[in-house]
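Let me begin by presenting the structure, written as structure tokens, before commenting on it.
Read-outs throughout are calculated quantities, based only on the coordinates presented, and are distinct from any laboratory measurement. The shown structure was predicted, so the numbers you read here are calculated from the model rather than taken from an experiment. Here the Cβ is made from the backbone with ideal geometry for all residues, glycine too, and neighbour counts use every protein chain on show.
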Amino acid sequence: MSEETVARPGETRSFGQRLRETDLAGIAPFVALALLMVLGYVVNENFLSVNNLLNVATRCSFIAIIAVGATFVISAGGLDLSVGSMTAFVAGIMILFMNGGYMADGVGLVAVAILVAIGTGALSGLLNGTVTTLGRIEPFIVTLGTMAIFRSVTVWLADGGSIAISSSTMRSYLRPIYTGEILGLPVPVWIILAVGLVGAFVLYKTPFGRHVLAVGSNEEVARYSGVSVSRVRALTYVIQGVCVAIAVVVYVPRLGASTTTTGLLWELQAITAVVIGGTALRGGVGRIWGSICGAFMLEIVGNIMVLSNFVSEYLIGAVQGAIIIVAMLMQRSLMRKG
Amino acid sequence: MARDAISEESMPVLEARGLAKSFGPVEVLSDIDLALYPGEVHAIIGENGAGKSTLMKLMAGHLAPSRGSISLEGETLRFSGPVDAEKRGIVLVHQEILLAPHRTVAQNIFLGRELKRGFLTRDGEMNRLAAAALSDLGAEIDPRAVVASLSIAKRQLVQIARALQVPHKAVIFDEPTAALTPFETEALLKVIRDLRDRGIAVLYISHRLPEVGAIADRVTVLRDGRRVTTRSAEGLEPVEMARLMVGRDVSQLYPERHVRAGREMLLSVENFEVPGLAANISFTLHRGEILGFAGLIGAGRTELMEGIVGLRPSHGTLRIKDRPTRFSSADQSMKAGIVYLSEDRKGKGLLLDKTLATNLTLATLSRFTRGPMVDGRRENAALDKAFTDFDIRARRRSLLAGQLSGGNQQKLLLAKMMLADPKIVIIDEPTRGIDIGTKEQIYRFIAELAEAGKGVIVVSSEMQELIGICERIIVMRGGRMAGEVTGEAMTEDEIVMRATGVESVEEIEGAMHA
Amino acid sequence: MRRSLMVGLAAALALSAAVPWASAQDNEKKDYTIGVSVPAADHGWTGGVVYHAEREAKILEKKYPGLKVMVKTSPNGADQANALEDMTVQGIDALVTLPQNSDELTDPVREVKDKGIFVTVVDRALSDDSIHDLYVAGNNYGLGHVAGEYMKKNLGKANVVVIRGLPITIDEERQKGFNDAIKGSDIKVLDRQYGNWSRDDAFKVMQDFLTKYQNIDAVWCQDDDMAVGVLEAIKQAGRQDGIKMVVGGAGMKDMIKRVADGDKMVPVDVLYPPSMVATAMDLTAAHLYDQAPVRGKFILDATLVTKDNAMEYYFKDSPF
């Protein structure tokens, strides 16, 4: 037992060793997704039609993009409950800016509005980040507070109603962001892929990403290693804010409005997607593609329910809950083997 | 006093025959024969991983043996679990403190077996009995005190008092002195002697060899899961015990010391204060010097060092090579050439759930980049170098830091901090929880650092270790400097006197029996 | 506009706080206070309720000098119960309330009633019918029934999908009205799912319906907010040609506008106007000042809004 063979410099590993070291936990959500797809096909053959899958992929883009940001926050040991109402808030600001008549309608205004949205998102995230780190308050409480603040400020801005794009030309400029296609894939799907790629690069390949995981794994070790824990944590909230803004940029073109139900309970969906995707809530592990997969799974569960004929509309919630739990159980059993 | 004349006819309380334990395909303990007689202190010694803990868990019913048998007063039996063993009079005192920190001493001692009258607990009676039990152990602890307010040593005593509440024939102590100061250790050893004199059988597990020599009647040595020998402790010198444990001669535990005079000053600390924890601290550190910091637990040594490197708020003057500085984070002090290796390796030193390479480069990640990316190849090269330079032994490169043994973790932590290329290295408890073979290596690394011209500060509760490797030792007491010893004056007595504030050895003993 | 509203509201609150003292001294009781307690704007329709309540408050205060109207919004039932207590303490002569839900607020409203205060309940009836002096409500059953009748008359044989709201009484009544209206006709309901009175959820459900069914003639979604999501899903799928109509309900201004503009997809809307709170306030003030015997139930018609009468129901400034 006490005998430890020394790992030789530059050793080569056998295939078996590599297989053992393969991250089964990372694959688990994709296995669960595949099983869900089979279930979907059994329920309704149309499920596997390209159109349906693209619909679902497009629809899940908001949660998927937000979940990428949530992966950063959660893997650094934080939590952001404000993302849903932040979505409504950022969408409201973006639309009010477009309605404000600061510029002539056109592609230029679209571009500036997108920048305004991303700036608003980043600042909103910075607010969450600085209050949690400098104020040393539990992120649960801080973001619960900002969740209420974003929501009610949005309602105030909307005078109790909804904020809609007033110009129909602007709507037609924006619409392609949600409905357009590039090489046969809807634009939102490309945006998910782009956000995923950038997110994975930052989290897995850069020193900042390492620091995020280190802070989430053990804050004290990170601090004793000279990592600025507050800075890293605060930046994860900024990343979350930017992701929310990107989701808004995809969301606003769809219905052209921020309403009182915009983003409602999205925080829970995003956190669920992250956890289904294999990221631990206690921090230290982050799985970007898992989170995206998780968001896709959540949307697919809803889709299957509507497509099926044998579940009463009253029981859909129960079945969705059960499917999520079963997916988690399958994933956990795979993890244990890994 | 020594029990070399235990009569072979007297019946052992607890006896193991051919005891073995496997976890999966790995047999961690093989063919252990062990007899524990009433009124003896039987020490089990061995390096980390030799099987001491496993043996203890088997004897106390925490684990079931794979082979072999245990008999209690001649009757062969299988414990169904620790509760069963306890009912039969076998009590285990854990190394870790397993108490509810926010409850009182008496509540902890009677936790789960409260005295009741109807539905009401009899608090007065429990407090009285708790006080009596504690004073039996020679401890003056208020039974109404909250456990969290007690020192580690006192908590240890509360834990022992709790264990001894049940009728007991045999008591097993698992490294009971690991967190204790010499003074507290001495008090505990007295408690154990009292138990023995009452005819209780004591199984005592430790790797502090001088202590074993002082308390044990017989010693069993384990190595690699096997019993090497069982013999009388009389005349068994610590060096010989170490040889039996390691399997080779370790008489040269500490490296040769080369004292050089008239060296350049690296660090000077003047009137330094860490609010509430250490005050009025002034000292200097020179090139090539190994400076020790001794003191009791809670004397403020760790906090002082954390203050110096910017991990805690502090006041006072800090000069590096005569340039005044001040740090507000470990990042800043690292850039200025000072690194601090925490005593709490698992909590503050290494990310246990991350790979070796990730841990190695964490503090110096900006040096392992190519463009915006972390350069995995350079990281791997650094890991290879660390493996050779620090003799880190890992079964696979892909292991997680938490899967390494304590000694290898310490070497990895050393390697990690040396990547920052420091001029001043502060090491807190460098050999805590490390076996003797690795200790020797760590001491050699420390000596090499000094020889390479770095200034080294070693904080340790093991006085022998400080005496063995340091040129000068500063003793702290209650957050202040209580003196400095050097040269011939570096003896345990001199250090203990300053650490406790008691003038003479006689007085210490007097204080102990008061 | 918002700022002036806020200022007006603040002034009204400040004044009304002083009123009980004044009215206690003045035996002629020309000064009255009406407390209005409604849910906070948590979706479009309730947003409309708040708008109309505040608008009507100003109109009434102008009409009856000496009348003070205080409007309070509450995000949930417990808060609304607190708000009722606060208003009673401040002194009110009549209460107009749209309860968050029937069960939770029945007793708090009863306590107000027991103080001798005139109680008008709007939209959601309390569990105990004997509490209210006046009950003003839209016709949920009628909302479903009118939509069903219209579809039966104009579609003949047709496949319809239904998007429901949330599983509460209002939704059940609307469904029942719709079912009764199409009974015995050639209209076939392919599927029903909940859209939670949310645009986004209705969009998703409609998108899935479009995948599931190749032949859909009409959509009934009983709420205009959800109709917005439904129309968007249809447009995106390019199925405008197959689907003949989407019938919503409530009278959201965007939908009314579409009807008025002659949108082919939205030929009609069915009223369930948030302005019913204004009607209730109006009747309550009339009771106080005109000594008119306004008691009992006032059920508003579920008016069918067509291209011809649409502009009558269009409030440009309303948030809903």
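Step through the table entries B:Lys21/B:Lys346; B:Lys335/B:Lys454; C:Lys153/C:Lys188; C:Lys153/C:Lys235; C:Lys176/C:Lys307, compare each Cα-Cα distance with 19 Å, and write down the pairs that go over it. Can you show the working numbers first?
Working: B:Lys21/B:Lys346 27 Å; B:Lys335/B:Lys454 15 Å; C:Lys153/C:Lys188 14 Å; C:Lys153/C:Lys235 25 Å; C:Lys176/C:Lys307 27 Å.
With Cα atoms farther than 19 Å apart: B:Lys21/B:Lys346; C:Lys153/C:Lys235; C:Lys176/C:Lys307.
When DSSP assigns beta bridges and you keep just the ones with both residues in segment B:265-513, what percent turn out antiparallel, to the nearest 5? Please report the intermediate quantities before stating the final value.
Numbers: 23 of 41 bridges.
In segment B:265-513, DSSP labels about 55 percent of beta bridges as antiparallel.
How many angstrom lie between the C-alpha centres of segment C:57-86 and segment A:264-338?
Value for the Cα centre distance between the two parts: 44 Å.
How far apart, in nanometres, would the label points at A:Leu123 and B:Glu484 be if each is projected 7 angstrom from Cα along the Cα-to-Cβ direction?
Calculated label separation equals 5.7 nm.
With helices defined as uninterrupted DSSP H runs, which ones in chain C have an alpha carbon span along their own long axis of at least 24 Å and mean Kyte-Doolittle hydropathy of at least 0.5? Show your work: numbers first, answer last.
Details: long enough: C:2-25 (35 Å, 0.92); C:44-63 (28 Å, -0.69).
The answer, listed by residue number, is C:2-25.
Extending each Cα 7 Å along its Cβ direction at B:Lys346 and A:Phe310, get the distance between those two points in nm, one decimal.
It is 5.1 nm.
Over segment C:140-270, what is the mean sequence separation of C-alpha contacts under 8 Å (at least six apart), divided by residue count, expressed as relative contact order in percent?
On the way: 262 pairs, mean separation 32.1, N = 131.
Contact order relative to length: 25 percent.
Let's test the formula: R0 of 30 Å, r as the Cβ-Cβ distance of A:Leu115 and C:Ile59. What FRET efficiency results, to the nearest 0.05? Provide the component values of the computation, followed by the final result.
Working: r = 43 Å, r/R0 = 1.44.
The pair A:Leu115/C:Ile59 has a calculated efficiency of 0.10.
Loop-only check: which GluC sites (Glu not before Pro) in segment B:131-227 are DSSP coil with at most 11 other Cβ within 10 angstrom? Spell out each step's value before the answer.
Values: sites: B:Glu140, B:Glu184, B:Glu186, B:Glu211; in loops: B:Glu140.
Filter output for segment B:131-227: B:Glu140.
Averaged over its residues, how many other protein chain Cβ atoms are within 10 Å of peptide B:334-346's Cβ atoms?
Values: counts 2, 1, 0, 0, 0, 3, 1, 1, 4, 0, 3, 1, 2.
So the per-residue partner count for this stretch is 1.
Defining a contact as two alpha carbons under 8 Å apart and six or more residues distant in sequence, what relative contact order in percent does chain C show? Intermediate values should be presented prior to the final figure.
On the way: 652 pairs, mean separation 56.9, N = 320.
So the answer I get is 18 percent.
Assuming 0.36 nm per residue, please report the length gained on full extension of the stretch C:Gln240 to C:Asn309 beyond their Cα-Cα distance.
Details: separation 69, 0.36 × 69 = 24.84 nm, distance 2.52 nm.
Net length gain for the segment: 22.3 nm.
Taking the square root of 5 times each eigenvalue of the Cα gyration tensor, what semi-axes in Å does the equivalent ellipsoid of segment B:265-513 have, largest first?
Details: eigenvalues 208, 90, 48 Å².
So the three semi-axes of segment B:265-513 are 32, 21, 15 Å.
With unit charges on the beta carbon (Lys/Arg positive, Asp/Glu negative), name the residue among B:Leu120, B:Val105, B:Val158 whose Cα is farthest towards the positive pole of the charge dipole of segment B:97-166.
B:Leu120
Could you derive backbone 3J(HN,Hα) for segment A:102-117 from the dihedral phi with the Karplus parameters 6.51, -1.76 and 1.60 (θ = phi - 60°), listing whole Hz in sequence and x where the residue is Gly or Pro?
For segment A:102-117, the Karplus curve yields 6, 9, 5, 4, x, 4, x, 5, 4, 4, 5, 4, 4, 4, 4, 4 Hz.
Considering only DSSP states other than H, G, I, E and B, which trypsin sites (Lys or Arg not before Pro) in segment B:109-170 qualify as loop sites with at most 11 other Cβ atoms within 10 Å? The partial results should precede the final answer.
Details: sites: B:Arg113, B:Lys116, B:Arg117, B:Arg122, B:Arg128, B:Arg144, B:Lys154, B:Arg155, B:Arg162, B:Lys169; in loops: B:Arg113, B:Arg122, B:Arg144, B:Lys169.
In loop regions of segment B:109-170 (DSSP not H, G, I, E or B), the sparsely surrounded trypsin sites (Lys or Arg not before Pro) are B:Arg113.
To the nearest 0.05, what FRET efficiency results for A:Met103 and A:Ala148 with a Förster distance of 51 Å applied to their C-beta separation? Let's see the in-between values first.
Values: r = 33 Å, r/R0 = 0.64.
The computed FRET efficiency comes out at 0.95.
Once you compute Rg and the Kirkwood Rh from C-alpha atoms, what is the Rg to Rh ratio for the protein assembly as shown?
Values: Rg = 38.7 Å, Rh = 35.8 Å.
Using Cα coordinates only, the ratio equals 1.08.
Can you work out D for segment B:97-166 in µm² s⁻¹ from Stokes-Einstein, where Rh is the Kirkwood radius over C-alpha pairs, the temperature is 25 °C and the viscosity is 0.890 mPa s?
Values: Rh = 11.8 Å.
Calculated translational D: 208 µm²/s.
Based only on Cα atoms, what mean projected area does the convex hull of chain C have, in nm²? Numbers along the way, then the final one.
Values: hull surface 66.8 nm².
Average of the hull's projected areas for chain C equals 16.7 nm².
May I ask for the distance between the Cα centers of segment A:117-167 and segment B:441-463, given as a whole number of Å?
Value for the Cα centre distance between the two parts: 53 Å.
Given contacts defined as C-alpha pairs under 8 Å and at least six residues apart, what's the relative contact order of chain A, whole-number percent?
Values: 539 pairs, mean separation 121.0, N = 338.
The normalised contact order for chain A reaches 36 percent.
Using R₀ = 25 Å, calculate the FRET efficiency as 1/(1 + (r/R₀)^6) where r is the Cβ-Cβ separation of B:Val26 and B:Asp353; round to 0.05.
Values: r = 23 Å, r/R0 = 0.90.
After rounding, the FRET efficiency stands at 0.65.
Within 10 Å, at most 14 other Cβ atoms, and a DSSP state outside H, G, I, E, B define an exposed site. Report the longest part of chain A free of exposed trypsin sites (Lys or Arg not before Pro). Working shown, then result.
On the way: sites that count: A:Arg13, A:Arg136, A:Arg282.
It works out to A:137-281.
With all pairs of different alpha carbon atoms counted, what Kirkwood hydrodynamic radius in Å does chain A show?
Details: mean 1/r = 0.0474 Å⁻¹.
About 21.1 Å for chain A.
Ignoring the sites themselves, what is the longest stretch of chain C with no trypsin sites (Lys or Arg not before Pro) in a DSSP loop and at most 15 other beta-carbon atoms within 10 Å? Walk me through the intermediate numbers first.
Working: sites that count: C:Lys29, C:Lys30, C:Lys115, C:Lys157, C:Lys183, C:Arg239, C:Lys264, C:Arg295, C:Lys307, C:Lys316.
Longest stretch, sites excluded: C:31-114.
When we measure straight from the Cα of C:Lys30, which lysines land under 20 angstrom away, once same-chain ones fewer than 8 places off are left out?
Those lysines meeting the cut-off are C:Lys58, C:Lys62, C:Lys63, C:Lys68, C:Lys115.
May I ask you to list the chymotrypsin sites (Phe, Trp or Tyr not before Pro) in segment B:74-164 that are in a DSSP loop and have at most 10 other Cβ atoms within 10 Å of their Cβ? Don't jump to the answer; show the numbers that get you there.
Numbers: sites: B:Phe79, B:Phe110, B:Phe119; in loops: B:Phe79, B:Phe110, B:Phe119.
Loop-located and lightly packed - B:Phe119.
Let me know the longest stretch in chain A that avoids all chymotrypsin sites (Phe, Trp or Tyr not before Pro) found in a DSSP loop with at most 16 other C-beta atoms within 10 Å. Spell out each step's value before the answer.
Details: sites that count: A:Tyr102, A:Phe310, A:Tyr314.
Between the exposed loop sites, the longest stretch runs A:103-309.
Per-residue ellipticity at 222 nm for the protein assembly as shown, helices alone: DSSP H runs ≥ 4 residues times -39500 (n - 2.57), over residue total, nearest 500 deg cm²/dmol?
Numbers: 43 runs with 557 residues, N = 1172.
Value at 222 nm, helices only, nearest 500: -15000 deg cm²/dmol.
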